[in-house]
1. Report the relative contact order of the chain, percent, no decimals, based on alpha-carbon pairs under 8 angstrom and at least 6 residues apart.
2. Pairs K44/K75; K231/K270; K89/K231; K231/K266: which exceed 21 Å Cα-Cα?
3. Working from Cα positions, state the angle (0 to 90°, nearest 10) between the long axis of helix 201-214 and the longest principal axis of the chain.
4. Tell me the Kirkwood radius of the stretch 186-308: reciprocal of the mean inverse pair distance over distinct alpha-carbon atoms, in Å.
5. Please rank H74, H65, fewest neighbouring Cβ atoms within 10 Å first, as an exposure proxy.
6. Determine the equivalent ellipsoid of the stretch 145-218 by diagonalising the alpha-carbon gyration tensor, then write out the semi-axes as square roots of 5 times the eigenvalues, largest first, rounded to whole Å.
7. Residues of the stretch 278-300 with backbone nitrogen within less than 15 Å of a virtual label 7 Å along the Cα-to-Cβ line of N307, please, listed as ranges.
8. For K306, K131, what ranking results if the residue with the fewest other Cβ atoms within 10 Å of its Cβ goes first?
Amino acid sequence: MDTTLLLVAALILMFGAFFLLVYGFVPEEVNEDEIYGYRLTKRKRLIAENSIYAMVLPVVQIFAHYFSTYLPDHKWARLANIRADLREKLMRSGFMGAYTPNEFLGLSCVAGVGMFLAGMTISTLLFDSPKIGLAIVLGGVGTYMPTLQLSSAINDRLVEIDRKLPYTVDLLVLSMRAGLDFMTALDRVVMRGLEQNPDDAIVQELGVVLQEMRVGTARSDALINLCERVKSEYLQSMVGAILQSEKRGSPLALVLEVQIGTIRTKRTQKVEKLASQAAVKILLPLMFIFAAVLVVVIGAMVLKVKNQ
């Protein structure tokens, strides 16, 4: 027991020494990537609301500083591709954790080191000695965990956009029916949506469209950029209809109203399709359950006959 306590104390000291070592190499001025707009607002809110995020962020920024300083894009082409891919995914996820690409790489390193130390501690408590192999495996899993979380955030955000798209466009159509033009109606919907929920995904994307139109981007180009950012089939079909209405001169409010009805019909058909597939997918687990029950019943009968 005393040996176990000594090992745990040694691991805790190792953990503390690691963070002291990291902070010992902190430069006087950490070169951070510039953040602004919604990402900056979200970071300030996360720092105020999440104490763990506020504690981990400085360590993540230290790793990010060294990534950007010693592994620049012009010297490491593969890292440049990774950063570009992360930049796109972070944007599609709604800027998960308000991280920049370098900070996300730093988060992966921090998660890997944390899981490695956790593996050392757990193996010491269970086996009275640290298992380095197990700790290395857990460290690899920890390094990959932020990537899994990023993919999950992208999927969740896409589902949220598809779910809230009909309601948001309904508000836009009502504003246009009341006599407002498209840009003014879009501005009203975005402002009201941000007041109610600043993290609303569809309102954020429409806000980007509004900003692009204000700086002189054509409405068609701003909507095409929206489709490139959000890989939603419902949104792409609606934008395609809007672009066709511009060429033909059709009333935009009528086109949007028709598209919302089409989107709701498609969603209903998709739900019905998934419900019909569920009955087929559940057959295989039911077969295993039935087989297990059959083995138990027949086995009990065979044992009873054998004993008699």
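1. Once divided by the residue count of the chain, the mean separation gives 13 percent.
2. Listed pairs above 21 Å: K44/K75.
3. Helix 201-214 sits at roughly 50 degrees to that axis.
4. Across the stretch 186-308, the inverse of the average 1/r is 19.0 Å.
5. H74, H65
6. The equivalent ellipsoid of the stretch 145-218 has semi-axes of 26, 14, 10 Å.
7. Under 15 Å, as judged by backbone N against the label point of N307, lie 297-300 of the stretch 278-300.
8. K306, K131
Every number here is computed from the coordinates shown, using simple stated rules; none is lab data. This is a predicted model, so every value here is computed, not measured. All Cβ positions, even for glycine, are placed from backbone atoms using ideal geometry, and neighbour counts span all protein chains on display.
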